[in-house]
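The values are calculated or read from the model by the stated rules, or taken from the named source; none is laboratory data. Predicted model only: the values in this text are computed from it and were never measured. Cβ atoms come from the backbone with ideal geometry, glycine included; neighbour counts cover every protein chain shown.
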Amino acid sequence: MKSVQDSSPMYISATNGLLINVVVSVVGILINWKHLRDMKEDNKSSPPGTSPNLLTPILTTNTKVVMIFIPIYMFMFWILHEEEEIPAWVQYALCYDQYISTTLRTYLGFNSFVIATMRYVFICYNDRVLEFGKERAKTLFYYGSIVIPVVIGVLNACSVKLPLNVHLPSHTVCIEYYLGYLNITREQSDHLPDFGSPILELVHKYLGTEFTQYVEMFCIVFGFVIYSNMVEGALYCKTFRAIRK
């Protein structure tokens with residue numbers, strides 16, 4: 001089955017586009033690799049008896065995730081704008097990118113929230129942190145920065161349907177795959193409640209839509225709190241006030 005992804009908006013040749021992606025990816029990987037080495041050296045050069053940077057584990061994992069996924073998405077964006085035929089199983093697999101990309105964005109956005117929260121807690125409530133255990137608190141924040149976005153990503157996949165009017169390249173290929181597989185038009189697909197959302201379609205076989213609506217509301221509120229940065233701003237204000245005092 002030949003996909004019908006739009007290959008017109010690239011404005012440059014396929015070879016030049018691939019070359020640009022490779023150059024940008026390599027440069028980005030090298031810059032982030034140097035950043036990882038600098039963080040490692042900073043911890044090694046810390047004076048004896050001092051603790052390593054609190055944020056190093058979180059920043060290290062965040063940098064590694066960026067190094068892995070950004071080149072992958074750049075290459076995927078390039079290949080989806082080419083005229084080459086995409087195998088049917090790849091077109092179907094792209095339907096799951098809506099879940100992967102959402103989880104990735106949640107992880108990257110949530111990390112800045114975790115960093116702001118860590119600074120606030122470790123500065124404003126230092127005595128309580130020492131009672132609880134500094135290393136235990138660092139470990140809790142670190143694993144929370146990974147587990148919570150993954151959980152939110154799963155909840156999002158089980159409750160939120162990506163709108164048909166979202167023109168992401170991968171989602172466009174997914175929609176066209178389903179249209180061809182079901183032999184229907186886009187207008188007819190409006191009557192299918194979970195069209196193009198494989199996980200949500202599975203969930204609705206066992207759980208009612210009312211339950212998933214509550215979960216969807218939670219995901220929307222969580223996303224608003226994370227992406228708006230309002231809570232982070234309030235935490236930084238309180239942290240700076242505590243430092244000045």
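Tabulated results
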quantity	calculated
The listed residue being at pLDDT below 85, surrounded by fewer than 15 Cβ atoms within 10 Å (Cβ to Cβ) and not small (Gly, Ala, Ser), out of His204, His191	His191
Cross-chain or 6+ apart pairs with Cβ under 8 Å, segment 169-181 first and in contact (Cβ under 8 Å) with a residue 60 or more places away in the chain and not assigned by TED's automatic domain parsing to the domain that holds Phe77, then surrounded by fewer than 20 Cβ atoms within 10 Å (Cβ to Cβ) and of a type in the set (Gly, Ala, Ser)	Ser170/Ser101; Tyr177/Ala88; Tyr178/Ser189
Residue satisfying all of: in segment 171-188; surrounded by 11 or more Cβ atoms within 10 Å (Cβ to Cβ) and among the β-branched types (Val, Ile, Thr); modelled with the lowest pLDDT among these	Ile184
Qualifying residue in segment 163-170 (condition: under 23 Å from Val65 (Cβ atoms), in a helix (DSSP H, G or I), modelled with pLDDT of 75 or more and within 16 Å of the chain's Cα centre (by Cα))	yes
Candidates Asn32, Asn16, filtered to the one that is closer than 28 Å to His171 by Cβ and at pLDDT below 85	Asn16
The one condition in (1) surrounded by 15 or more Cβ atoms within 10 Å (Cβ to Cβ); (2) not in a loop (DSSP other than H, G, I, E, B) that Ile20 fails to fulfil	(1)
Filter result (surrounded by 15 or more Cβ atoms within 10 Å (Cβ to Cβ) and without any contact (Cβ under 8 Å) to a residue 12 or more places away in the chain) within segment 112-134	Val129
